[in-house]
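Structure record follows, encoded as structure tokens.
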Amino acid sequence: MTATSADGDLMNRNTRGNGVFHGMKWMISSVSMLFLISAGLELFVRQTFRQASVATILLALSLARWSYVLGSGGLIFLTVWWLLKWRSVRIQRTVMREHPPAEPSRRPVEIPVLADPQFLGRRSHCKP
């Protein structure tokens, strides 16, 4: 293996790895935002416990709880999806290493024999 092909192989591996994480950016940011909202609402309730009304505190705690639940569910989903994707890529690499794709055959291209243009579209009146 030459240095250039080794670099190319490393680049392909890095590109595939980045592709897996590139699709997960929106999910990671959504889960992070849900956890931050949950923490912010909890902090809001702690700071305004004496001044805010009971309804405001209950609403903030309820929203914080649901934000935490959705964030946790998203984190579990993200982890399972990433593990399945990682395993799929590993299996695919193993299969490709064991069974390389077949090379195209080196047969010459067959050129079909064309009929004489003067007889195309006409019926022959002579019987063989």
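The values are calculated or read from the model by the stated rules, or taken from the named source; none is laboratory data. Note that the structure is a prediction, hence the values are computed from the model and not measured. With ideal geometry, Cβ positions are generated from the backbone for all residues, glycine too; neighbour counts draw on all protein chains shown.
Within region 45-57, the set of residues being touching a helix residue (DSSP H, G or I) at 6+ places or on another chain (Cβ under 9 Å) and either among the hydrophobic types (A, V, I, L, M, F, W, C) or within 29 Å of Ile28 (Cα to Cα) (or both) comprises Val45, Phe49, Ala52, Ile57.
Here region 49-85 is the region considered, the condition is being among the aromatic types (Phe, Trp, Tyr) and either surrounded by fewer than 13 Cβ atoms within 10 Å (Cβ to Cβ) or not in a helix (DSSP H, G or I) (or both), and the residue that is modelled with the highest pLDDT is Phe77.
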